[in-house]
Amino acid sequence: MTASAPKKILLIDDDPRLRELVQRYLNEQGFSVDAFEDASRLEARLQRNRPQLVLLDLMMPGEDGLSVCRRLRAMGDNIPIIMLTARGDDIDRIIGLEMGADDYLPKPFNPRELLARINAVLRRQKEPSALAAPLTEGEHFDFGPFRLEIANRRLLREGVPLPLTNAEFALLRVFAGHPRAPLSRERLMELARGREHEAFDRSIDVQVSRLRKLIEDNSGEPRYLQTVWGFGYVFVPDGSER
């Protein structure tokens, strides 16, 4: 039996010492890591030898990480992205997630935590909601003008694909598997992300906000993803009042 090829990771950070340490550590853990000081060669790298995941520094000379992430998502590229930043404020984290990042890790960080987050994101990409929905890979779920295709991991509006990150797909699949059932934030995180989610992770609200912008006519008055005040959210496929 031949060994599987190592998963490829692209690290973009302007700190040479961090690049060296992270690259060496992840290579020792069985990954194949390429590291660059800026994002100037990112598109060429994605086309030529596409990695499974990108580690992206938030603050860099030239184009910063938020701009890179925003641009990739606008192009419809859903490659998993973990943002790295020396700025650990909640607002920076929320902005990064709103731009489409799959996870966020403030510096300085323990390499073992970075490894755990990488494995968690890659696991979600392969099996986005294994605990979540009783929907098989050959099924789809229709609501309003939308269709969620499970096997293709796509959301379509009247046949037109919409940009959807891996984390957003995982969450929407959870909702589709539990229509009209109020779900707490903690339960949503467990179903969408598995046991490795953080107990007080606020990214669930960010992901719901992004999904509302995709599927709601008025995200301020949502019909499909309704808030259960003081508890969490409920998915109402027909958009009616609960």
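Things to note:
- Members of segment 47-74 found to be open to solvent by 10 Å² or more (accessible area, probe 1.4 Å) and in a helix (DSSP H, G or I), listed by number: 47, 48, 66, 67, 70, 71, 73, 74
- Members of segment 93-138 that are modelled with pLDDT under 70 and in a loop (DSSP other than H, G, I, E, B): 127, 128, 129, 130, 131, 132, 133, 134, 135, 136, 137, 138
- Restricting segment 1-15 to residues that are open to solvent by 80 Å² or more (accessible area, probe 1.4 Å) and more than 13 Å from residue 33 (Cα to Cα) leaves a set whose member that is modelled with the highest pLDDT is 4.
- Among the residues making up segment 26-40, those that are surrounded by 14 or more Cβ atoms within 10 Å (Cβ to Cβ) and touching a strand residue (DSSP E or B) at 6+ places or on another chain (Cβ under 9 Å) are 26, 31, 32, 33, 34, 35, 36, 37, 38, 39.
- Among residues of segment 165-189 that are under 17 Å from residue 100 (Cα atoms) and touching a residue at least 40 places away in the same chain (Cβ under 8 Å), those with a Cβ under 8 angstrom from a residue that is open to solvent by 30 Å² or more (accessible area, probe 1.4 Å) and polar (S, T, N, Q), sequence gap 6+ or separate chain, pair up as 165/78; 166/78; 166/125.
The values are calculated or read from the model by the stated rules, or taken from the named source; none is laboratory data. This structure is a prediction, so every number in the text was calculated from the model and none was measured. All Cβ positions, glycine included, derive from the backbone under ideal geometry; neighbour counts span all protein chains shown. The protein model used for the area step is the full one, side chains on, heavy atoms only, and it has no ligands, DNA or RNA in it. Shrake-Rupley method; radii C 1.70, N 1.55, O 1.52, S 1.80 Å.
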